[in-house]
Amino acid sequence: MRKILVSGGSGYIGSHTVVELQQSGFEVLIVDDLSNSKKEILHKIETITNQLPEFVELDLKDEVAIAHLFQSYEIDAVIHFAASKSVGESVVNPLLYYHNNLLSMLNLLKAMEASDVTSFVFSSSCTVYGQPDHLPVTEQTPTKPAESPYGNTKKICEDILKDYAHANSEFNGMSLRYFNPVGAHPSGSIGERPSGVPNNLIPYLLETVAGVREKLSVFGSDYGTPDGTAIRDYIHVVDLAQAHVIAVQRQLDQKNKSNYEVFNLGSGHGYSVLEVIKAFEKVNQEKVNYELVDRRPGDIEKIYADTTYANEELGWSAKLGIEEMMRSAWQWQQNLNKES
Ligand code: NAD
Ligand code: WQD
């Protein structure tokens with residue numbers, strides 16, 4: 001059985017990917033420092049797949065520890081989710097972001113090189129496009145100087161991977177540019193667990209409807225969009241997780257077209273903030289208490305993906321629509337409420 005090292009595998013997207021990997025016959029080794037996740041997730045994953053994933057608690061900034069790990073396990077491929085991911089926090093504390101996000105990836109690549117592990121899938125983000133001039137965005141859309149230190153770390157990591165692949169023909173790297181991942185596993189057992197006050201739309205909306213927050217602020221109603229609110233490409237986390245299984249299998253089967261590939265992973269549809277709220281209210285029969293407020297500094301007006309390349313090359317497309325995203329997200333939030 002092939003063993004995949006999943007860094008950040010106890011986090012939101014990582015945990016969903018671990019489920020899909022196990023269900024596709026892969027063995028998984030999760031490496032996470034639990035800085036933004038909890039160890040209980042391992043048992044939640046087990047309730048879905050009947051397999052407890054192997055877990056090593058380790059900070060990827062620790063070069064010696066990660067090198068040692070590669071000597072102790074036979075690893076076939078790496079999916080690298082681990083990173084700090086709050087845009088706002090990165091503006092306040094850029095060094096934390098450059099230190100964690102860059103060093104973690106460099107340490108992983110060095111340890112892989114020493115152990116002859118050559119498959120590497122990287123969690124990138126649509127943030128690398130900034131506000132593009134033309135929509136939808138393809139993989140050829142120019143990446144712009146990022147809007148935040150966080151976004152800049154994604155761009156720099158992509159550049160490092162490209163250069164490294166150029167210098168090492170036996171290495172296979174892939175950057176997956178996620179659009180806005182939302183929703184939760186249909187089992188209701190795993191989902192996103194924001195710590196503190198959520199920054200992102202869906203977690204804030206969920207906590208508002210659950211009564212934890214009083215009101216959702218809709219940031220900006222004067223954008224150049226049909227209803228004035230900003231447009232994003234939301235993608236169900238289970239669809240996203242499945243794309244990772246395909247990506248890693250492609251590399252292991254050596255079906256990749258070049259030794260550094262980039263794919264957009266989105267649904268290809270843009271929804272405004274008000275459309276998201278309406279979809280939530282419709283499928284869940286719950287009212288969202290919201291008010292229109294000023295734009296959030298740094299936000300872009302609209303973005304959505306052209307997913308043709310992923311559709312054709314990976315044979316992957318997002319299957320779950322906005323209603324399923326909202327239904328599963330609310331189911332997850334209700335389960336969280338029961339837990340606490
Ligand atoms: P998450 O915070 O839920 O998961 C990241 C995991 O990495 C956490 O479990 C955290 O404990 C771990 N981690 C962080 N630094 C580490 C370190 N030094 N050593 C070991 N573990 C470490 O985040 P997520 O939403 O699942 O995001 C996963 C990846 O996808 C990240 O790279 C993120 O930047 C990227 N991404 C996320 C989104 C999004 O909206 N969620 C969008 C685009 C890209
Ligand atoms: C979505 C829309 C907000 C909260 C961020 C990162 C990006 C990527 C995905 C990692 C926007 C609006 C939000 C709220 C609102 N992450 N909103 N009220 O900003 O598209 O992207 O996450 O790579 O890098 O920047 O996601 O969920 O914060 O916002 O009206 O309380 O919802 O203005 O239009 P965003 P988001």
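Projected over every direction and averaged, the convex hull enclosing the alpha-carbon atoms of segment 24-163 yields 10.0 nm².
Each of 260, 78, 288 was scored by the projection of its Cα onto the charge dipole of the chain, and the greatest displacement toward the positive side belongs to 288; charges sit on the C-beta of Lys, Arg, Asp and Glu.
Residues whose amide H comes within less than 5 Å of that of residue 30, counting only those at least five positions distant or on another chain, are 6, 54, 55, 56 (H built at 1.01 Å from N in the peptide plane).
Taking θ as phi - 60° and the Karplus parameters 6.51, -1.76 and 1.60, the scalar couplings of segment 294-310 work out to 5, 4, 8, x, x, 5, 9, 6, 7, 7, 7, 8, 8, 9, 3, 5, 5 Hz in sequence order, x denoting glycine and proline.
In whole percents, the pair-distance distribution calculated for segment 106-157 from its alpha-carbon pairs, binned every 10 Å from zero, is 23, 39, 26, 12, 1. Under a Gaussian network description of the chain, with springs only between Cα atoms under 10 Å, the residue in 282, 257, 154 that fluctuates furthest is 257. Of all the options 321, 224, 183, the one that moves most in a Gaussian network model of the chain with Cα springs shorter than 10 angstrom is 224. Counting every other Cβ atom within 10 Å of each residue's Cβ, 124, 187, 272 order from fewest to most as 187, 272, 124.
Just how many % of Cα pairs in the chain lie over 30 Å apart, if you round to the nearest whole percent? When every Cα pair of the chain is considered, 32 percent fall beyond 30 Å.
Amide H contacts of residue 216: 289, 290, 291, each under 5 Å away and 5 or more positions distant or on a separate chain (H built 1.01 Å from N in the peptide plane; Pro and chain starts excluded). For segment 83-91, 3J(HN,Hα) computed residue by residue from phi via the Karplus equation (6.51, -1.76, 1.60; θ = phi - 60°) reads 5, 8, 10, 8, 4, x, 4, 5, 6 Hz, glycine and proline entered as x. Computed from backbone phi with θ = phi - 60° and the Karplus coefficients 6.51, -1.76 and 1.60, the 3J(HN,Hα) list for segment 24-32 is 9, x, 8, 8, 10, 10, 8, 10, 7 Hz; x is used for glycine and proline.
Secondary-structure-derived ellipticity at 222 nm for the chain, considering helices only, amounts to -12500 deg cm²/dmol, per-run term -39500 (n - 2.57) for DSSP H runs with n ≥ 4. Amide hydrogen proximity for residue 265: with H placed 1.01 Å from N in the peptide plane, the residues at 5 or more positions away or on another chain lying under 5 Å are 177, 178, 179.
Over all Cα atoms in segment 181-307, the spread is summed up by Rg and Dmax: 17.1, 51 Å. Here's the picture: charge each Lys and Arg Cβ at +1 and each Asp and Glu Cβ at -1 in segment 89-174, and of 99, 118, 168 the one pushed furthest to the positive end of that dipole is 99.
Normalised by the number of residues in segment 189-306, the mean separation of alpha-carbon contacts (under 8 Å, six or more apart) gives a relative contact order of 39 percent.
Here, each number is a calculation from the coordinates, and none is a lab measurement. All of these numbers come straight from a predicted model, not from anything done at the bench. In this analysis, Cβ positions are derived from the backbone assuming ideal geometry, glycine residues included, and neighbour counts consider all displayed protein chains.
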